[in-house]
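Peer 1: One structure follows; several queries about it will come next.
The values are calculated or read from the model by the stated rules, or taken from the named source; none is laboratory data. Note that the coordinates shown come from a computational prediction; the quantities given were computed from them, not determined experimentally. In this analysis, Cβ positions are derived from the backbone assuming ideal geometry, glycine residues included, and neighbour counts consider all displayed protein chains. Side chains are part of the model used for accessible areas, which takes the heavy atoms of the whole protein and leaves out ligands, DNA and RNA. Shrake-Rupley method; radii C 1.70, N 1.55, O 1.52, S 1.80 Å.
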Amino acid sequence: MHGGKVVKSLLLMLISLQILRISIDMVIIAFILIGSLLGFGIISYRKVAHPKWIVPREIFPTLWREILNSEVVFYASLNSEEKIRFEYKVQEFLLNCRITGVKTTVNLTDKILVASSAVIPVFGFDSWKYTNIREVLLYPAMFDENYQFEGESNRQILGMVGNQSMEGIMILSKQALNLGFKNESDKENTAIHEFVHLIDKSDGEIDGIPKVLMQKQYAIPWIDLITKEMDRIYEGKSDINPYGGTNRAEFFSVVSEYFFERPKLLQEKHPELYDLLEKIFNQNMADRKLAKKQVSIGRNDPCVCESGEKFENCCGSVHYKKPI
């Protein structure tokens with residue numbers, strides 16, 4: 001009898017200890033949860049109170065506006081309200097992205113042109129922010145795949161969106177940047193081309209299908225149209241830059257240049273393509289009055305970068321190079 005009572009007492013003690021241990025564990029867990037929630041609240045508060053994204057606080061400088069009016073025909077085509085919005089976006093971009101010259105000087109016009117190149121493709125989206133870029137490097141001339149612009153290497157690259165160790169960085173040839181805005185009649189703008197790649201990359205991969213901009217119902221028609229138009233490029237039956245036949249990503253960037261540089265011509269020659277790009281970028285470019293500044297540069301003319309080479313063999317090589 002007494003043995004049974006002892007065993008019963010021991011069992012009750014063990015149960016009590018187990019309950020006590022569970023209670024202590026629950027208290028500890030509760031403290032951890034409360035601490036985590038408090039920590040998350042503090043972090044969230046800091047993100048709100050001290051956001052990394054910088055917004056403009058200063059009045060847009062008059063000199064900047066003069067540069068936009070004289071150098072960027074897209075800006076000049078806007079109404080007063082749109083110009084204010086464009087100026088804000090230019091200012092915002094430059095507050096959040098450095099423009100650095102590599103063995104070349106960077107002046108205010110260069111900075112304004114880079115920012116304008118970033119703003120033009122996303123002008124139809126008020127809340128767009130380039131959170132995937134922190135710096136644009138301006139090189140004095142074309143460069144190779146190892147980012148070299150000197151020596152005897154095969155330098156044919158005018159612009160590049162970096163990845164891996166160069167993630168968040170874009171490289172642009174300064175000559176190509178300026179040429180893109182000097183000649184609006186040639187359907188090409190290297191800086192816009194690269195920022196379109198950056199937009200394309202926002203969904204995780206550069207594949208020519210900008211999921212962050214494109215509504216789902218347009219995805220299949222877009223892919224079908226890319227295939228059809230690339231076939232026409234290969235057959236030599238298209239006025240689209242042959243470089244657009246390289247792959248889908250390059251096609252998207254090349255036709256985007258065409259869309260923003262020569263929208264009326266694109267609408268005339270490629271109405272279906274124009275209509276889809278209008279939906280993707282949320283902009284009716286054909287209705288804009290773009291005052292063209294025409295600069296005639298033949299393929300055999302001396303290159304604008306003063307390298308001594310023909311234009312087609314130097315900075316113009318990307319425009320005349322056909323895909324293999």
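Peer 1: What's the total number of residues in region 124-146 that are touching a residue at least 60 places away in the same chain (Cβ under 8 Å) and within 19 Å of residue 168 (Cβ to Cβ)?
Peer 2: Residues meeting the conditions: 5.
Peer 1: Please state which one of 173, 202, 256 is in contact (Cβ under 8 Å) with a residue 60 or more places away in the chain, open to solvent by 20 Å² or more (accessible area, probe 1.4 Å), among the small types (Gly, Ala, Ser) and under 30 Å from residue 100 (Cβ atoms). Let's see the steps before the verdict.
Peer 2: Working: 173 fails: open to solvent by 20 Å² or more (accessible area, probe 1.4 Å); 256 fails: open to solvent by 20 Å² or more (accessible area, probe 1.4 Å).
Unique residue meeting the criteria: 202.
Peer 1: Shifting gears a bit: For region 138-151, indicate whether the set of residues that are in a helix (DSSP H, G or I), open to solvent by less than 30 Å² (accessible area, probe 1.4 Å) and out of contact with any Gly (no Cβ under 8 Å at 6 or more places or on another chain) is non-empty.
Peer 2: Start the filter on region 138-151 by keeping residues that are in a helix (DSSP H, G or I), which leaves none.
For region 138-151, residues in a helix (DSSP H, G or I), open to solvent by less than 30 Å² (accessible area, probe 1.4 Å) and out of contact with any Gly (no Cβ under 8 Å at 6 or more places or on another chain): absent.
Peer 1: May I pose another question? Kindly evaluate residue 219 against the criterion of being among the small types (Gly, Ala, Ser) and either open to solvent by 10 Å² or more (accessible area, probe 1.4 Å) or more than 28 Å from residue 155 (Cα to Cα) (or both). Even if it seems obvious, please write down each step before you answer.
Peer 2: Numbers: among the small types (Gly, Ala, Ser): yes; either open to solvent by 10 Å² or more (accessible area, probe 1.4 Å) or more than 28 Å from residue 155 (Cα to Cα) (or both): yes.
The answer is yes for residue 219.
Peer 1: Are there any pairs with C-beta distances below 6 angstrom linking a residue in region 74-103 that is under 20 Å from residue 182 (Cβ atoms) and open to solvent by less than 50 Å² (accessible area, probe 1.4 Å) to a residue that is in a loop (DSSP other than H, G, I, E, B) and at pLDDT below 95, with the two at least 6 apart or on different chains, and if so which?
Peer 2: From residues that are under 20 Å from residue 182 (Cβ atoms) and open to solvent by less than 50 Å² (accessible area, probe 1.4 Å), the pairs are 77/288; 77/289; 77/290.
Peer 1: Could you identify the single residue in 66, 92 that is farther than 21 Å from residue 169 by Cα and either of a type outside the set (S, T, N, Q) or at pLDDT below 95 (or both)? Break it down into steps so the answer makes sense when it comes.
Peer 2: On the way: 92 fails: farther than 21 Å from residue 169 by Cα.
66 is the lone residue from the list that is farther than 21 Å from residue 169 by Cα and either of a type outside the set (S, T, N, Q) or at pLDDT below 95 (or both).
Peer 1: Please enumerate the residues belonging to region 229-241 that are over 16 Å from residue 274 (Cα atoms) and open to solvent by less than 30 Å² (accessible area, probe 1.4 Å).
Peer 2: 233
Peer 1: Across region 262-282, which residue is farthest from the chain's Cα centre (by Cα) among those that are in contact (Cβ under 8 Å) with a residue 60 or more places away in the chain and over 17 Å from residue 124 (Cβ atoms)?
Peer 2: 265
Peer 1: Regarding residue 104, is this residue on the phi < 0 side of the Ramachandran plot and assigned to a helix (DSSP H, G or I)?
Peer 2: On the way: on the phi < 0 side of the Ramachandran plot: yes; assigned to a helix (DSSP H, G or I): no.
No; evaluated as a whole, the condition is false for this residue.
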